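Single-structure report; data block below.
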Amino acid sequence: MTTTQTIAPIAAIARPSAPPRGARAALEVARRALRKYFRTPGLSVMGVVQSALFLFSFRYVFGGAIQAGPSGYVNYLVPGYVATIVLFTGGGVAVAVAEDRAQGFTARLLSLPVPRYAIVAGRALADSATNAWSILVTAAFGFLFGFRLGGTVPGGLAALGLCLLYAVVFTVVFIVIGLFAPSVQAAQGLSLIAFVFAFISSTYVPAASMPGWLQPFSKYQPITPMVDAVRALILGSGSDVALALAWSALLLAVCTPIAVLRYRSA
Amino acid sequence: MRLNEQVTRSAQAAQAAPLLEASGLTVRFGKVTALDGLDITAPQGKALAILGPNGAGKTTFVRTVATLLRPTSGRLRVRGRDVAADPVAVRRDIGLAGQFAAVEPTMTGRENLEMTARLFGHSSSAARRAAAIVIEQLSLGEVAGRRSGTYSGGQRRRLDLGASLVGAPRLLLLDEPTTGLDPAGRREVWDAVRSLVAGGTDVVLTTHYLDEANELADHVIVIDRGRAIASGPLGDLKASVGHDVIEVAVPDVSLLDAAGQILQRVTSSPPRIDRGSRRASARSAGGAGELRAAIGFLEDAAIPIDEIGLRRPTLDEVFLALTGDRAAGTGDRAAGRSQDRSPQ
């Protein structure tokens, strides 16, 4: 046996007097997720480029052929687009969660004396922040591509606030998708389900323009009232807001406990 | 006062308790039984290797010790603390380094270590100190400021090892610490683990590389199909399988079968033939007398001898003798160390 080093100093590491408190641990978990996001150009830069590119295509490529909204398609499109952008960028959340499980990072976290809820809370905090960032950037592109507020500034801010709430809701939904995906690729694939909800809704075109057999799905799935509520707030009305909040609360109430419980088993 | 006494007493209990104590430990995933009534007692102050073929339950056992899995039935205590009843106490006592290096590739080595230290409960300044010590001791100084995604396999594994150490764990759990590493990387990790053991850290490692157990551990538990089939100090284990081995190397492969037959005639046990190294070997109960006889017969048959001798059985042979046919494929693979298992 060859001993290459003397080791006393490892023993010199003091033992922490107590495990970290939940809030501190959650912030630590969130910080790592944010570092990963901003240090991986494929995530942070491409996410923004992609959302701008899609918006550009809808606005200038398809937009000319679509008749929707009383004040031009751009004013119809942008609120819906901003409200649902997380359905497109959120796949990254599911992939990140699945990756952490596949690569052992989740196991490492679970082997540490960290409260279980703090691991989910940290993840949700970081991903909600990046998704909120997507929303703000996308809204800015909306204005750049010709969107104008039809109503008051407070109405616009209320609409933006609702979009940010959706960012949190969709984040938790994508965390659950990532936790149940059997592999990283599957997480990517499962995230495409969100596209179905985004497209077959009033996000890009009015539901009334779809064939009759498609309308029930479009009308009764959560995205349509969520998008309609954002449009209403911009125009100073409150219609659909209660329904949108109810859907948000329901999705959170279902997905949060699932995420916390599922995170326990690495 | 009374609380203090209790704390002291429970600390003493933890000191006196075995490192690991499993009784009837069973873990099932649906219909699959990964651990099937495992009984193990391992003392503190020893480096313990858990050996077994793939699918024997090694990783399940480590994950149960690390509180990532809950026992379906039976009991498991780590330093006297029950994993199901008191998982937080167990988590404070252990450091886990996995089969997959669980470090964040977009963060530097130092950032990774400090993050893990804070998650163990260290203050920011204590975390910096702990990280600095680990960087120094695991010779990561040159790369600590680089993102760990740029590390070599051995460096990444050492960083992973370091991350499990920053919380001053009393038990280091290493799940197949060198799987997928090249020989230089394995050597790096071995050196690091050896120096930790020398410094008094209790280590439990799983491996299917027999030479790894030989290098790092002084106490071995062999498990197969979720049960312990042998346990004890490495030397005892080799002795319990008994019999020394007569091994002969010949200059030409064509002579091997004849040499093997001679060994069989002398020892009355079936020979193992290794064509790659042109060696035949057989277990020998008769020791030196049989060796002399074998040399005589080989000379009579005009078979030239490159090398011949009586030796203790290798862990490969112990392993095969204990696990029987089922392990044969795995055992051979473990012996052929060039075949790395892909970490996917």
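Total residues in segment A:164-195 satisfying the condition of being within 25 Å of A:Val230 (Cα to Cα), touching a Gly at 6+ places or on another chain (Cβ under 8 Å) and not β-branched (Val, Ile, Thr): the figure is 5. Counted as qualifying within segment B:45-137 are the helices (runs of 4 or more DSSP H) with 2 or more residues that are touching a residue at least 12 places away in the same chain (Cβ under 8 Å) and under 24 Å from the mean Cα position of the chain (by Cα), namely B:58-65, B:87-93, B:124-137.
Table: residues versus (1) farther than 19 Å from A:Glu99 by Cβ; (2) in contact with a Cys (Cβ under 7 Å, 6 or more places away or on another chain); (3) at the interface with chain A (Cβ under 9 Å from one of its Cβ atoms); (4) crowded, with 21+ Cβ neighbours inside 10 Å.
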residue: B:Arg79; (1), (2), (3), (4): yes, no, no, yes
residue: B:Asp82; (1), (2), (3), (4): yes, no, no, no
residue: B:Ala89; (1), (2), (3), (4): yes, no, yes, no
residue: B:Val103; (1), (2), (3), (4): no, no, yes, yes
residue: B:Thr106; (1), (2), (3), (4): no, no, yes, no
residue: B:Gly109; (1), (2), (3), (4): yes, no, no, yes
residue: B:Glu114; (1), (2), (3), (4): yes, no, no, yes
residue: B:His122; (1), (2), (3), (4): yes, no, yes, yes
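Going residue by residue through segment A:233-243, is there one that turns out to be surrounded by fewer than 20 Cβ atoms within 10 Å (Cβ to Cβ) and either touching a Leu at 6+ places or on another chain (Cβ under 8 Å) or within 15 Å of A:Phe174 (Cβ to Cβ) (or both)? The answer is yes, given that some residue of segment A:233-243 is surrounded by fewer than 20 Cβ atoms within 10 Å (Cβ to Cβ) and either touching a Leu at 6+ places or on another chain (Cβ under 8 Å) or within 15 Å of A:Phe174 (Cβ to Cβ) (or both).
Just one residue in the set A:Val172, A:Val176 is part of a helix (DSSP H, G or I) and touching a Ser or Thr at 6+ places or on another chain (Cβ under 7 Å); that residue is A:Val172. The strands (runs of 3 or more DSSP E) found wholly in segment B:183-269 and carrying at least 3 residues that are modelled with pLDDT of 90 or more and not assigned by TED's automatic domain parsing to the domain that holds B:Gln155 occupy B:244-249. Residue check: B:Leu263 meets all listed conditions (1) buried (at least 23 other Cβ atoms within 10 Å of the Cβ); (2) aliphatic (A, V, I, L, M); (3) closer than 27 Å to B:Val27 by Cβ but one, namely (3).
In the set A:Pro19, A:Pro9, A:Pro70, which member is closer than 30 Å to A:Pro115 by Cβ and modelled with pLDDT under 95?
Of A:Pro19, A:Pro9, A:Pro70, the one residue that is closer than 30 Å to A:Pro115 by Cβ and modelled with pLDDT under 95 is A:Pro19.
Give the residue that is nearest to B:Leu173 (Cα to Cα), with candidates limited to residues of segment A:107-133 that are more than 13 Å from chain B (Cβ to nearest Cβ) and without any contact (Cβ under 8 Å) to a residue 60 or more places away in the chain. Per the criteria, the residue is A:Ser128. Of the residues A:Gly80, A:Gly104, A:Gly91, the single one that is of a type outside the set (Val, Ile, Thr), within 14 Å of another protein chain (Cβ to nearest Cβ), out of contact with any Leu (no Cβ under 6 Å at 6 or more places or on another chain) and surrounded by 22 or more Cβ atoms within 10 Å (Cβ to Cβ) is A:Gly104. The residues on offer are B:Asp218, B:Asp211, B:Asp175, B:Asp224, and the sole one that is closer than 26 Å to B:Phe120 by Cβ and either under 15 Å from the mean Cα position of the chain (by Cα) or among the small types (Gly, Ala, Ser) (or both) is B:Asp175.
Please find, among B:Ala288, B:Ala280, B:Ala249, B:Ala239, the residue that is closer than 21 Å to B:Asp316 by Cβ, without any contact (Cβ under 8 Å) to a residue 24 or more places away in the chain and either surrounded by fewer than 19 Cβ atoms within 10 Å (Cβ to Cβ) or in contact with a helix residue (DSSP H, G or I) (Cβ under 6 Å, 6 or more places away or on another chain) (or both). Show your work before the answer.
Details: B:Ala288 fails: closer than 21 Å to B:Asp316 by Cβ; B:Ala280 fails: without any contact (Cβ under 8 Å) to a residue 24 or more places away in the chain; B:Ala249 fails: without any contact (Cβ under 8 Å) to a residue 24 or more places away in the chain.
Among B:Ala288, B:Ala280, B:Ala249, B:Ala239, only B:Ala239 is closer than 21 Å to B:Asp316 by Cβ, without any contact (Cβ under 8 Å) to a residue 24 or more places away in the chain and either surrounded by fewer than 19 Cβ atoms within 10 Å (Cβ to Cβ) or in contact with a helix residue (DSSP H, G or I) (Cβ under 6 Å, 6 or more places away or on another chain) (or both).
Restricting to segment A:32-65, name every residue that is among the aliphatic types (A, V, I, L, M) and either surrounded by 15 or more Cβ atoms within 10 Å (Cβ to Cβ) or under 26 Å from A:Ala129 (Cβ atoms) (or both). Within segment A:32-65, A:Ala33, A:Leu34, A:Leu43, A:Val45, A:Met46, A:Val48, A:Val49, A:Ala52, A:Leu53, A:Leu55 qualify. Of all the numbered requirements in (1) within 14 Å of chain B (Cβ to nearest Cβ); (2) of a type in the set (D, E, K, R); (3) more than 19 Å from the chain's Cα centre (by Cα), A:Arg59 misses one, and that requirement is (1).
The values are calculated or read from the model by the stated rules, or taken from the named source; none is laboratory data. In this text, all values refer to a predicted model and were calculated from it rather than measured experimentally. Backbone-built Cβ (ideal geometry, glycine too); neighbour counts: all protein chains shown.
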